[in-house]
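As structure tokens, the structure follows; a few thoughts come after it.
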Amino acid sequence: MGRGVLQAGNQFTKLLTDYSTTVFALLPIACFATRRDRLALIHQFGDTPIKLKHKSFKNMKTLIASALFSVAVLAAVQTNAQIASVKHEKKAEKRAEKKVERKALRHLRENEVSTAAKDNFSADFPGAKNVSWNHNTMFDEATFTDDNGETKTAFYGYDTNLVGTVTPKKYEDLPQAARKEITKQFKGYTPGAVLMYDDNESNDSDMYLYGMQFEGRDHYFVTVSKGPKESVLMVSMDGNVSFFKDLK
């Protein structure tokens, strides 16, 4: 993506150069010609002389003003494209660095649940009951019962801070708009498990569910199946439905 944007930027640069050469060559004629000028002004382009008479001066000034405005717009487009490309590349580099750090720390800890993660969990969920821990290559996971009697799983990242929680839900818990959309788009499919992901907004780490990475935002995830085919859909909290992953 970044390479394509830069190529587009280079094309804009060439266009700006050619356009600016013509504009600034004509600029003196527009600036210094007055109404009293009756003589023809000649500007040489290559081997062909072009005569610009008094009646065309006003139109020429308007043309050049428009051309200068166009040059400014093209320059702004190129600058914005280059800024967007740099931001995209930096974001990708940051994610890659975090992934390397996460793998390195997980390798050092091997199969042990971090003591720091346990301490943070106790502070995050002081009323948790029936707590059980699991460690994998991505997270330390604590499954527990909260104060309302719901079963949740809290995910702690490589930095031992809470990434988010997952709570099993019923299909009826999905927003009504989402249920209508699923019925319309997935006729003949049977809804299955529903999970609600509650993101820890103070932690910008991405989350993984069903082996897929996604940006840390609150979402529902619902499985739908038809015969041997099973898929996972992502549902925003306001009811927008999108495809997430095929399981079979």
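Coordinate-derived values only; no laboratory data. Owing to the predicted nature of the structure, the values given are computational and were not obtained by experimental measurement. Positions of Cβ are generated from backbone atoms using ideal geometry, with glycine treated the same way; all protein chains shown enter the neighbour counts.
Assorted remarks:
- Restricting attention to the stretch 135-236, the count of lysine pairs at 8 or more positions apart or across chains with alpha carbons under 20 Å apart stands at 12.
- Ascending count of other beta-carbon atoms within 10 Å, so fewest first, for R179, R217: R217, R179
- Footprinting exposure proxy for I182, I83 (fewest neighbouring C-beta atoms within 10 Å first): I83, I182
- 25 °C / 0.890 mPa s Stokes-Einstein diffusion coefficient of the stretch 158-204, Kirkwood radius on C-alpha pairs, µm²/s: 191
- For the pair E112 and T137, the difference between a 0.36 nm per residue extended length and the Cα-Cα distance amounts to 7.9 nm.
- Per-residue Cβ neighbour rank within 10 angstrom, fewest leading, H135, H219: H135, H219
- Here the simple spin-label model places points 7 Å from the Cα toward Cβ, and for D173 and S225 these points are separated by 2.0 nm.
- Counting only the Cα atoms, the stretch 157-248 fills a convex hull of 88 Å³ per residue.
- Sites S202 and K248 - FRET efficiency at Förster radius 30 Å, r taken between beta-carbons, to 0.05: 0.25
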